[in-house]
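See structure below.
The values are calculated or read from the model by the stated rules, or taken from the named source; none is laboratory data. Quantities reported herein were computed from a predicted structural model and do not represent experimental measurements. As a convention, Cβ positions derive from the backbone with ideal geometry for all residues, glycine included, and neighbour counts pool all protein chains shown. Calculation scope for accessible area: heavy atoms of the full protein, side chains included, ligands and nucleic acids excluded. Shrake-Rupley method; radii C 1.70, N 1.55, O 1.52, S 1.80 Å.
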2 protein chains.
Amino acid sequence: MLGPKFPWLLWAYACCCSISFCGRVVVWPTDASHWINVKVLLQELVLRGHEVTVLVPSSNLLINYQDTSSPFTFEVLQVPFSQETLDASMEDFLNFWMNEASNLFPWEIMWTMKEQLEVFTNMSKQTCDTLVMNSHLIAKLQQAKFDVLIADPLSVGGELVAEILEIPFIYSFRFSDGNVVERLCGGLPSPPSYVPASTMGLTHQMSFMERLQNFLFYIFTDLFFVKFWRDEWDGYYSNVLGKAAVEWFLFLHRYLSLAEIWLIRTYWDFEFPRPFLPNFEFVGGLHCQPAKPLPKVSQLHSAIGCSGEHGIIVFTLGSMVYNLSDEKSNVIAKALSQLPQKVLWRYKGKKPETLGSNTKIYDWIPQNDLLGHPLTKAFITHGGTNGLYEAIYHGIPMVGIPMFADQHDNIAHMVAKGAAVQVDFNTMKTQDLADALNTVIYNSTYKENALKLSKIQHDQPVKPLDRAVFWIEFVMRHKGAKHLRPAAHHLTWYQYHSLDVLAFLFTCTATIVFILFKCSASGNYTDCLGANGRLES
Amino acid sequence: MLGPKFPWLLWAYACCCSISFCGRVVVWPTDASHWINVKVLLQELVLRGHEVTVLVPSSNLLINYQDTSSPFTFEVLQVPFSQETLDASMEDFLNFWMNEASNLFPWEIMWTMKEQLEVFTNMSKQTCDTLVMNSHLIAKLQQAKFDVLIADPLSVGGELVAEILEIPFIYSFRFSDGNVVERLCGGLPSPPSYVPASTMGLTHQMSFMERLQNFLFYIFTDLFFVKFWRDEWDGYYSNVLGKAAVEWFLFLHRYLSLAEIWLIRTYWDFEFPRPFLPNFEFVGGLHCQPAKPLPKVSQLHSAIGCSGEHGIIVFTLGSMVYNLSDEKSNVIAKALSQLPQKVLWRYKGKKPETLGSNTKIYDWIPQNDLLGHPLTKAFITHGGTNGLYEAIYHGIPMVGIPMFADQHDNIAHMVAKGAAVQVDFNTMKTQDLADALNTVIYNSTYKENALKLSKIQHDQPVKPLDRAVFWIEFVMRHKGAKHLRPAAHHLTWYQYHSLDVLAFLFTCTATIVFILFKCSASGNYTDCLGANGRLES
């Protein structure tokens, strides 16, 4: 018997693990605000010497692959749907949630959700097809020897590409309806008694009726997920990978569960404390940074300069909402006109007739720099996570006008934490908005609570961006992070909940009780047994 | 209406949150190996400019309060039990687990456990009494204006002192039987299907029978905890605080749940991945550090120098086990004598007759420096977390001879991760130990796996010691960490598990089914209703 000849080599290897290296990262991005967030992470990876390749559909919303100054390499997937088709689908989606949903019954909303899901699922499948049916492209990607893939579970396909390229993958993720993806695929424990389902606008402290509502919504979203999403994609994955879906946990379910790390785009300044797993890292606010001073000759600088002691209000409804109805924009503009603050409104729609002299409309505003300006008093927001985190970072109280997706949820979190007032987009009157703004500006507890959240965001052992980069580099260095993967993924749902153990114990107990009952009914034990010693019924 | 006059003051306050300051820390320590670990943390706090006061019982095992070179201030609690009484109780405890327990039936072990618990609980209560009945001391401690208290849930009383001093507290913790304290008081979710109860020696991947065993052990430990520990202490807490224990969740239970942060003395190199909460921080290995070179004129240096290519084996059974039976020590010494390695054995007992020329016995050894020596091939350990983490840190494979407490569990973790072989202390034969050592030394996978664990330990965004200090300082800066406290603590057990929701849904369903059944049995719906439209039975 001989020991390893060069144990010091193994030792040296172990010690070298923390030396950084230049890795190759491939990205299966999600569009819109998701891209805005993940772009900051990818830019940081490039700054640290890694090569980043983004697989981008030729028709998309916000990923400008023709930008020659971009630090990323773009691999364009020539999708069969046109830019116009995509824009129209998004327009329909926004129009439904902003103008129609509030007048419909729940089952009508559910039906439309199903239809919308079908539209976007078809586009996602077509996007996947452009890659999985292109052997030339696959060979090219395989030759590139990527170290890791970054994806978002909302854009299904990333895990499929990682499987084909045989590389580990990491998710950057904000939410799914009812936390269903995190729970069912990520294995995230979510007791419905104090973990509110996302999109419900509930908090962690619920009344009995709210807990009932939350419990039922968990069941509803689980069924919706299985019926209209997982089953749909299982067939696709099964076709692509050429295997029959005979395993207990089906294709998509299994592949999503293989993510090495889930980078969740929130933190405990925003989240209600809840259980999580060691391969979940909460990196909310990774895109935030100190405000840069505004150029002294800019219109914005002048507008702020003449705001006086009253300061300014920053107003945006996000990167997706360009337009409002005349009625709605006039209600808003009139409310803003009643305030002594200067209002800087990012808006591309028609100029409202009621626009006050204190309100300036801009196609685009440097949102982070404005929120970090010392004169900023409040932020009117639709409740998108990116903008909301910039407000947290700079300690600005908010007025939330949520419309769809996670926005109701996000604003509910800020309201529960005392840093925001919510206004209903559909029923909002001029006075409602004016009152809400006056409340968050002149009731100092809102500012104090916003600053408390800001302190939590700033006071972390490692900045969120650095943590996110650390775990991506960790996965590249170690070819994964298997030591963080819970054994829950090897269990069926009834095993996970110990239902088989309970059934066994129940059966044993029932048998014993039955025998004892029979014996006592018969007077004594020997009466229960026949001549051959067997139990007689 | 006027806004806050100096909003920039609030802002400046928010920005200052990360500036370090010199805080006052008071410690309610747990003795033995717990103290060895927490001492390193306290030394680091002193190095960073904080004042540390340790409340130490006059009779204790390892806390040397007469050491004038100590960086801590000691406040000695004059306990009524003598050093001899404490030593004898510990001797009885060790003797039972090392020599008697293996020959007893489970219920006999349980009975002895109950008796041992009573002995140590009485001593703990007497220790608490010396503080809570000493108004002069309480006044002195209150005047000291401590910022935070550090305790260990195994030494009950820390949370009581924190309550009296009205300061936040933090736990440094390794384990409790069946994770019962973490689960029931900390709110840590622990699905028994893949989170093995501590002290059971199970892993995260269990067969049906193991899951059944684990499930039953959870129930057993919960009942044991409630009956022999919580009820006992609830009476005491109720007396001291002068309140009737009328709340649903009783005194001890509630006070333990108030810990701001739980610093768990393990990490994911050791732990199986499991759910946890944001106020749990896994800081295992915080006491580990690079090996210092041995003095060139020391006996140890000479012993290692002549070990040649075979290298050395480090052997210790921890800080509590001083002696072994003649039979046991001879079995061990004979096994060691068969090896080509030099063996450095920390042992205070009688020199075994079979001691080989390759084995040197020392009263004390610089364990960390030896484990970090390039010639060290293996570590023979009882499985205490401190030594085990030093082996992980330096990537040394282990032979585990566990005896009591968490030791079986610790070694089971290392065996499951392929870095150790376990030998049964009670049935061990000479050849068993020799074979185990040859396996971990000459089968290179053990060294490779130990180095993998070492890489995980070294490759963290922040070192465990720095993370532990960060969260202690965070609690001092922010007067707590309430934003990390889960709402689960406000729920009863049946609310937590949504049993009231399930009962409600079951009742509703049963009522509907009953009505439908009645209607169908009666032929049509109108038959179910009486003349006045009410349901008739």
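Couple of notes before you dig in:
- Residue that is most open to solvent (accessible area, probe 1.4 Å) [pool: residues in the stretch A:202-215 that are farther than 13 Å from A:SER190 by Cα and out of contact with any helix residue (DSSP H, G or I) (no Cβ under 8 Å at 6 or more places or on another chain)]: A:MET209
- Pairs with Cβ under 7 Å, 6+ apart, first in the stretch A:399-421 and in the same structural domain as A:VAL321 (by TED's automatic domain parsing), second surrounded by fewer than 21 Cβ atoms within 10 Å (Cβ to Cβ) and among the small types (Gly, Ala, Ser): A:HIS408/A:GLY201; A:ASP409/A:GLY201; A:ALA412/A:GLY201
- When the residues of the stretch B:471-482 are filtered to those that are in a helix (DSSP H, G or I) and open to solvent by less than 30 Å² (accessible area, probe 1.4 Å), the one that is nearest to the other protein chains (Cβ to nearest Cβ) is B:PHE474.
- Candidates A:VAL46, A:VAL38: the one that is modelled with pLDDT of 95 or more and open to solvent by 20 Å² or more (accessible area, probe 1.4 Å) is A:VAL46.
- Evaluated against (1) in contact with a helix residue (DSSP H, G or I) (Cβ under 7 Å, 6 or more places away or on another chain); (2) not assigned by TED's automatic domain parsing to the domain that holds B:HIS253, B:ALA468 falls short on exactly one condition, (2).
- The stretch B:175-190: number of residues that are in contact (Cβ under 8 Å) with a residue 60 or more places away in the chain and either open to solvent by 20 Å² or more (accessible area, probe 1.4 Å) or of a type in the set (Phe, Trp, Tyr) (or both): 2
- Against the list (1) among the polar types (S, T, N, Q); (2) open to solvent by less than 10 Å² (accessible area, probe 1.4 Å); (3) more than 22 Å from the chain's Cα centre (by Cα), the condition B:THR354 fails is (2).
- A:VAL79 vs. criteria of a type outside the set (Gly, Ala, Ser), more than 24 Å from the chain's Cα centre (by Cα) and assigned to a loop (DSSP other than H, G, I, E, B): yes
- In the stretch A:367-387, the residues that are touching a residue at least 40 places away in the same chain (Cβ under 8 Å), under 20 Å from A:ALA434 (Cα atoms) and more than 14 Å from every other protein chain (Cβ to nearest Cβ): A:PHE379, A:ILE380, A:THR381, A:HIS382
- Top-ranked residue in the stretch A:221-245 [being farther than 24 Å from A:ALA162 by Cα and open to solvent by 70 Å² or more (accessible area, probe 1.4 Å); ranked as nearest to the other protein chains (Cβ to nearest Cβ)]: A:LEU223
- Those residues of the stretch A:441-470 which are more than 8 Å from chain B (Cβ to nearest Cβ) and touching a Leu at 6+ places or on another chain (Cβ under 6 Å), in sequence order: A:PRO464, A:LEU465, A:ALA468
- From B:ASN95, B:ASN64, B:ASN60, residue being open to solvent by 70 Å² or more (accessible area, probe 1.4 Å), in the same structural domain as B:LYS227 (by TED's automatic domain parsing) and either closer than 21 Å to B:LYS39 by Cβ or assigned to a helix (DSSP H, G or I) (or both): B:ASN64
- Within the stretch B:186-204, none of the residues are under 24 Å from B:SER33 (Cα atoms) and not in a loop (DSSP other than H, G, I, E, B).
- Hey, B:SER207 modelled with pLDDT under 90 and among the hydroxyl-bearing types (Ser, Thr, Tyr) or not: no
- Taken together, the residues in the stretch A:265-283 that are open to solvent by less than 10 Å² (accessible area, probe 1.4 Å), of a type outside the set (Ser, Thr, Tyr), out of contact with any Pro (no Cβ under 6 Å at 6 or more places or on another chain) and more than 9 Å from chain B (Cβ to nearest Cβ) amount to 2.
- For first residues located in the stretch A:83-99 and hydrophobic (A, V, I, L, M, F, W, C), partners that are assigned to a helix (DSSP H, G or I) and lie 6+ apart or on another chain with Cβ distances below 8 Å form the pairs A:LEU86/A:MET123; A:PHE93/A:GLN116; A:PHE96/A:THR112; A:PHE96/A:GLN116.
- Restricting attention to the stretch A:483-498 and to residues that are at the interface with chain B (Cβ under 8 Å from one of its Cβ atoms) and free of Cβ contacts under 8 Å to residues at least 24 places away in the same chain, the residue that is nearest to B:LYS452 (Cα to Cα) turns out to be A:HIS483.
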